[in-house]
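Undergrad: The structure that follows is given in the form of structure tokens.
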Amino acid sequence: MRLKRVFIPIVATLLFLIFWELVVWLNDWPNYKMASPSDLGPAFLKYWELFFIMGWQTLWRTVIGLLISILFGVLIGMVMGMSKTMREALYPLLVGFNAIPKATVVPIVALMFVGAHDFNTILIAFMISFFPIAVSISIGLSTLEAEYRDILRSLGASDMTIFWKIALPKTLPEFFGALKVSVSLAFIGTNLMEIVSPHGRGLGALFDSGKTNSDYPLMFAVLITLAVLGIVLYYIVVLLEQTFAGWAEKETY
Amino acid sequence: MSLIKIRNVSHAFESDDGPIKVLKNLDLSVERDSLTAVVGPSGCGKSTLTRLISGLLKPDRGEIFLEGEKVVSPRSNVGMAFQNPVLLEWRTILDNIMLPLEIVAPKMPKKEKVGRAERLLSLVGLADFAGRRPSELSGGMRQRASLCRAIVHKPKVLIMDEPFGALDAFTREDLWQVLLDVKAEEPFTGLLITHDLRESIFLADQVAVLSGRPAMTQYLMDVEFSEKRNIELLFTAKSTAMLKELRKQIRIAQAS
């Protein structure tokens, strides 16, 4: 059973690569139109050092942005989840802020904090990814049935005790669901800034230099690297979810 | 002296169309270690009554006393059970039952907590399910577990708000018996909100019929059986007469 769980995704990925190679080969596309998987190997070999340096840059900025998102998202979600007044006050602001395409904010932030490249990048990663977390926590807390509260409140438990013993664990499944979305969003944020920012670093900057030098296989290799990093972070979240909210998973046969 | 004494209690809820009066000059007393069933038309304020007694709500007027002490806030000598068993999915059944002890007696040694919870579990026939998750249990079993949690800290008063309302008829009858067995082993003073008249006379020593909203105590009936309670008693002429009278009172309450 476990073997199958590893085997199926690997076969699916291989099939996808073969299909990609085949499409490019059949259409006889040159690599500036569409690079094929066989072009990627040489690109990785040629720039492997850069991939490590830039990949690390992108990764740590994304993770820091995500951690700030979690802190801020949980905090604002708690405030909105526990107070109806705060919820009514903050929701329109949050929704409005979230509706602004972050691609339009990137140049503003880049200009505002010009030169502070790490800060810029983390800021955008954070701005783009905290919304799902804040919403999931606030909904999880505000939809907690009164009876759950009452079994502890009728014993004289404090609000803090109710939060730690009931509200927080009950919200964890929703929180992890949101975190999975936020991981991908944070990556988008990091890369937006890395691409736009002049003299940037990170995989976004590597992508940009590929564009400048018409090195198309390099651009595709960056995309694949981003996908791999995204998968790794996603599954780290899944692992955390199984550890802390595994109880929510129903047995399926 | 009555263990629960409700004196002249009135309560209203705020709504957009002004306050809605739920209870009006309600009086009710429950003797120590006895069980009082409260029946009445839907929406007459029975659940509000449970929240007032447990101190979760403060009455607009009137007073509620537990053991002669006025209720002003929630206190640890009350246990509550609802129609929804509200077990915590991330805890095992055993850990669920120990939850009130974590609040009321945080210093009690773990071994003692476990012993207490296990004793109650075997009392309701769930000894083999201590390590299971709530989702692995049937509705009736969950309600048994919920009952254990409600009395694990030995509360003076057990308040039950339609605890058997969502169960099928046979499971419900089983649980009536379980409740009586538990009460014989672990005496408590009980208040049972119910819609089921048969349930009320089978379990209670006193049945209170509330009037329609705003509710007051319309009718009180003492229930006494000369023999040990068993389900057969419900099919005697005496029970039929009691049920008829209660039904008549409910009709009057609905009309009011």
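The values are calculated or read from the model by the stated rules, or taken from the named source; none is laboratory data. Bear in mind the structure is a predicted one, so any value in this text is a computation, not a measurement. Every residue, glycine among them, receives a Cβ derived from its backbone with ideal geometry; neighbour counts consider all protein chains shown. Accessible surface is based on the protein model in full, side chains and every heavy atom, while ligands, DNA and RNA are left aside. Shrake-Rupley method; radii C 1.70, N 1.55, O 1.52, S 1.80 Å.
Undergrad: Carbon and sulfur: what percent of the protein assembly as shown's accessible surface (1.4 Å probe)? It would help to have the intermediate numbers written out before the result.
TA: On the way: 16040 of 25800 Å².
Looking at the protein assembly as shown in its full context, I get 62 percent from C and S.
Undergrad: In whole Å and largest first, what semi-axes does the C-alpha gyration tensor of region B:87-154 yield when each eigenvalue is scaled by 5 and square-rooted? Write down the numbers at each step before the final one.
TA: Working: eigenvalues 68, 28, 21 Å².
Result for region B:87-154: semi-axes of 18, 12, 10 Å.
Undergrad: Amide H neighbours of B:LEU35 under 5 Å, at least 5 residues apart or on other chains, H built in the peptide plane: list them.
TA: Correct list: B:GLY190, B:ASP205, B:GLN206.
Undergrad: Additional query: In the protein assembly as shown, what percentage of the DSSP-assigned beta bridges are antiparallel, given to the nearest 5?
TA: Details: 19 of 38 bridges.
DSSP beta bridges in the protein assembly as shown are roughly 50 percent antiparallel.
Undergrad: Kindly provide the helix-only [θ] at 222 nm of chain A, computed as the sum of -39,500 (n - 2.57) over DSSP H runs of four or more divided by all residues, to the nearest 500 deg cm²/dmol?
TA: On the way: 11 runs with 205 residues, N = 253.
Value at 222 nm, helices only, nearest 500: -27500 deg cm²/dmol.
Undergrad: Hey, with R₀ at 51 Å, roughly what FRET efficiency would A:MET86 and B:ASP168 work out to, going by the Cβ-Cβ distance, to 0.05?
TA: Numbers: r = 43 Å, r/R0 = 0.84.
The pair A:MET86/B:ASP168 has a calculated efficiency of 0.75.
Undergrad: Run through every distinct alpha carbon pair of region A:57-187 and return the Kirkwood hydrodynamic radius in angstroms, one decimal place. Could you put the intermediate results ahead of the total?
TA: Details: mean 1/r = 0.0632 Å⁻¹.
About 15.8 Å, per the Kirkwood formula over Cα pairs.
Undergrad: What percent do you get for the relative contact order of region B:87-154 when only Cα pairs under 8 Å and 6+ apart count? Don't jump to the answer; show the numbers that get you there.
TA: Details: 70 pairs, mean separation 34.9, N = 68.
Relative CO of region B:87-154 lands at 51 percent.
Undergrad: Lysine pairs in region A:45-245 with alpha-carbon atoms under 25 Å apart, 8 or more places apart or on different chains: how many are there? Walk me through the numbers on the way to the answer.
TA: Details: A:LYS46/A:LYS211; A:LYS84/A:LYS165; A:LYS84/A:LYS170; A:LYS102/A:LYS180; A:LYS102/A:LYS211; A:LYS165/A:LYS180; A:LYS170/A:LYS180.
Here the count comes out as 7.
Undergrad: For helix B:110-123, report the angle its Cα long axis makes with the longest principal axis of the Cα atoms of chain B; keep it between 0 and 90° and round to the nearest 10°.
TA: It is inclined by approximately 60 degrees.
Undergrad: Where is the GNM fluctuation largest for chain A (alpha-carbon springs, 10 angstrom cutoff): A:LEU141, A:LEU17, A:LEU203?
TA: A:LEU17
Undergrad: Determine by what factor the alpha-carbon radius of gyration of chain B differs from 2.2 N^0.38 Å, reporting the quotient. List each step's numbers first, then the result.
TA: Numbers: Rg = 18.3 Å, N = 256, 2.2 N^0.38 = 18.1 Å.
Compared with the compact-globule rule of thumb, chain B sits at 1.01.
Undergrad: If you take the square roots of the eigenvalues of the alpha-carbon gyration tensor of region B:124-240 and sort them as a ≥ b ≥ c, do you get rounded (a/c under 1.5), prolate (a/b over b/c) or oblate? Could you put the intermediate results ahead of the total?
TA: Working: a/c = 1.76, a/b = 1.52, b/c = 1.16.
Judged from the Cα gyration tensor, region B:124-240 comes out prolate (a/c at least 1.5, a/b above b/c).
Undergrad: Expressed as a rounded percentage, what relative contact order does chain A have, with Cα pairs under 8 Å and six or more residues apart? Intermediate values should be presented prior to the final figure.
TA: Numbers: 261 pairs, mean separation 66.0, N = 253.
Rounded, it is 26 percent for chain A.
Undergrad: Please work out the FRET efficiency for the pair A:MET34 and A:LYS180, using the Cβ-Cβ distance as r and a Förster radius of 35 Å; give the result to the nearest 0.05. Numbers along the way, then the final one.
TA: Numbers: r = 30 Å, r/R0 = 0.85.
The computed FRET efficiency comes out at 0.75.
Undergrad: Same structure, new question: For region B:248-256, what does the Karplus curve 6.51 cos²θ - 1.76 cosθ + 1.60, with θ = phi - 60°, yield as ³J(HN,Hα) per residue in whole Hz, taken in order and with x for Gly and Pro?
TA: 4, 5, 5, 4, 4, 5, 5, 6, 6
Undergrad: Based solely on its DSSP helices, what 222 nm [θ] is calculated for chain B when runs of n ≥ 4 H residues each add -39,500 (n - 2.57) and the sum is averaged over all residues, nearest 500 deg cm²/dmol?
TA: On the way: 7 runs with 90 residues, N = 256.
The per-residue figure over chain B is -11000 deg cm²/dmol.
Undergrad: Let me ask something additional. Positive end of the dipole of the protein assembly as shown, charges at C-beta (+1 Lys, Arg; -1 Asp, Glu), about the Cα centre: which of B:ASN96, A:LEU179, B:ALA81 has its Cα farthest in that direction?
TA: B:ALA81
Undergrad: Moving to a separate point now. Starting from the Kirkwood radius over alpha-carbon pairs of chain A, derive D by Stokes-Einstein at 37 °C in a medium of 0.692 mPa s and give it in µm² s⁻¹.
TA: On the way: Rh = 20.7 Å.
The calculation lands on 158 µm²/s.
Undergrad: List the residues of region A:147-165 whose accessible area drops by at least 40 Å² when all protein chains are present, compared with their chain alone, using a 1.4 Å probe and counting only protein heavy atoms.
TA: The answer is A:GLU147, A:TYR148, A:ASP150, A:ILE151, A:ARG153, A:SER154, A:LEU155, A:LYS165.
Undergrad: Any idea what the relative contact order of region A:50-150 is, in percent, if you count C-alpha pairs under 8 Å spaced at least 6 apart? It would help to have the intermediate numbers written out before the result.
TA: Working: 79 pairs, mean separation 49.5, N = 101.
RCO, region A:50-150: 49 percent.
Undergrad: Under 23 Å from the Cα of B:LYS238, which lysines turn up, not counting those fewer than eight places away in the same chain?
TA: B:LYS228, B:LYS248
Undergrad: Can you compute the equivalent ellipsoid semi-axes for the protein assembly as shown, i.e. the square root of 5 times each eigenvalue of the Cα gyration tensor, sorted largest first and rounded to whole Å? Display every interim value, and only then the final one.
TA: Values: eigenvalues 779, 136, 75 Å².
One finds semi-axes of 62, 26, 19 Å for the protein assembly as shown.
Undergrad: Using a 1.4 Å probe and counting only protein heavy atoms, how much accessible surface gets buried when B and A come together, both sides summed, in Å² to the nearest 100? Walk me through the intermediate numbers first.
TA: Numbers: alone 12400 and 15250 Å², together 25800 Å².
Using a 1.4 Å probe, the pair buries roughly 1800 Å².
Undergrad: Same structure again: Taking a ≥ b ≥ c as the square roots of the Cα gyration tensor eigenvalues, with a/c under 1.5 meaning rounded and otherwise prolate when a/b beats b/c, else oblate, which class fits region B:176-256? Spell out each step's value before the answer.
TA: On the way: a/c = 2.57, a/b = 1.49, b/c = 1.73.
Verdict is oblate for region B:176-256.
Undergrad: Which listed residue (B:SER135, B:GLY125, B:CYS148) has the Cα farthest towards the positive end of the charge dipole for region B:87-154, taking +1 on Lys and Arg C-beta and -1 on Asp and Glu C-beta about the Cα centre?
TA: Checked the options; the winner is B:CYS148.
Undergrad: Just how much of B:VAL71 is accessible, in Å², when a 1.4 Å probe is used and the result is rounded to the nearest 10?
TA: 10
Undergrad: Taking the full set of protein chains and a 1.4 angstrom probe, give the accessible area of A:TRP48 in square angstrom, rounded to the nearest 10.
TA: Accessible surface of A:TRP48 is approximately 140 Å².
Undergrad: Report, to the nearest 10°, how far helix A:203-212 tilts away from the longest principal axis of the Cα atoms in chain A, using its own Cα long axis and a range of 0 to 90°.
TA: Computed tilt is about 30 degrees.
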